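Encoded as structure tokens, the structure appears first; notes follow it.
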Amino acid sequence: MLQLAVLFLIVAIVAGVLGFGVIAGTAATIAKIAFVAFLVLFVISLLFGRRSPVV
């Protein structure tokens, strides 16, 4: 998921340089959403990840 956020960030940068304002804004928004989703899933996996079995 982090790869998707980086991909949309690159698309936003390229579109911004080329002057496609709407495409750059949309790609940047998608990148932000994907990054936040990645952070939430990362924190959840840290909290509820692998635990050693209780014997």
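The values are calculated or read from the model by the stated rules, or taken from the named source; none is laboratory data. Note that the structure is a prediction, hence the values are computed from the model and not measured. Methodologically, a virtual Cβ is constructed for each residue, glycine included, from the backbone with ideal geometry; neighbour enumeration extends over all protein chains shown.
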Enumerate the pairs (first residue in region 8-24 and farther than 24 Å from F38 by Cα; second residue anywhere and aliphatic (A, V, I, L, M) and surrounded by fewer than 14 Cβ atoms within 10 Å (Cβ to Cβ)) with beta-carbon separation below 9 Å, excluding pairs fewer than 6 apart on the same chain, so at least 6 apart or on different chains.
-> F20/V14
Would you mind stating whether I30 is in a helix (DSSP H, G or I), modelled with pLDDT of 80 or more and surrounded by 15 or more Cβ atoms within 10 Å (Cβ to Cβ)?
-> yes
